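Structure first, commentary second.
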Amino acid sequence: MKFVIVFVALFALAYAAPAEVSVVRSESDVGPQGFKYALETSDGTIQEAVGNLINLDAENAAIAVHGSFSFVADDGQTYTVNYVADENGFQPQGAHLPVAPEA
């Protein structure tokens, strides 16, 4: 199942990219307890993620993903987002992202 998710994500990225962009690096390792992948394209886009199963009992099983992605925007700047996605939701961090005020 995880392999299918990773494959679909990579396929969607490749399909959405303009024809002149090529894949420079593509790595993936999918196992029963998690996955790891990395993708880099010729336009400067970089994606990396590592996911591991947590709470292995069937009722509370979840996957925790740590990753990042970078891209070069139309303004020429490279933007990077580091994230954690786990039982607490998607938690992105990046210098260009707004920060919620502390309560």
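The residues of segment 69-78 that are part of a strand (DSSP E or B) and either among the charged types (D, E, K, R) or surrounded by fewer than 16 Cβ atoms within 10 Å (Cβ to Cβ) (or both), listed by number, are Phe71, Val72, Thr78.
Residue selection: Ile46 fails the criterion of being over 27 Å from Val23 (Cα atoms) and not acidic (Asp, Glu). When Asn52 is tested against the conditions (1) assigned to a strand (DSSP E or B); (2) open to solvent by less than 70 Å² (accessible area, probe 1.4 Å), the lone failure is (2). One residue alone among Glu40, Glu27 is modelled with pLDDT of 90 or more, on the phi < 0 side of the Ramachandran plot and either open to solvent by less than 80 Å² (accessible area, probe 1.4 Å) or part of a loop (DSSP other than H, G, I, E, B) (or both), and that residue is Glu40. Beta carbons closer than 7 Å, at least 6 apart along the sequence or on distinct chains, pair a first residue in segment 31-59 that is under 18 Å from Thr78 (Cα atoms) with a second that is part of a loop (DSSP other than H, G, I, E, B) for Thr41/Ala17; Thr41/Val21; Thr41/Ser22; Ser42/Val21; Ser42/Ser22; Asp43/Val21.
Restricting segment 55-68 to residues that are open to solvent by 40 Å² or more (accessible area, probe 1.4 Å) and not in a loop (DSSP other than H, G, I, E, B) leaves a set whose member that is modelled with the lowest pLDDT is Ile63.
The values are calculated or read from the model by the stated rules, or taken from the named source; none is laboratory data. Keep in mind that what you see is a predicted model, and the values were worked out from it rather than measured. Cβ sites come from the backbone with ideal geometry, for glycine too, and all protein chains shown count toward neighbours. Just so you know, the surface numbers come from the protein's heavy atoms only, side chains and all, with ligands and any DNA or RNA stripped out. Shrake-Rupley method; radii C 1.70, N 1.55, O 1.52, S 1.80 Å.
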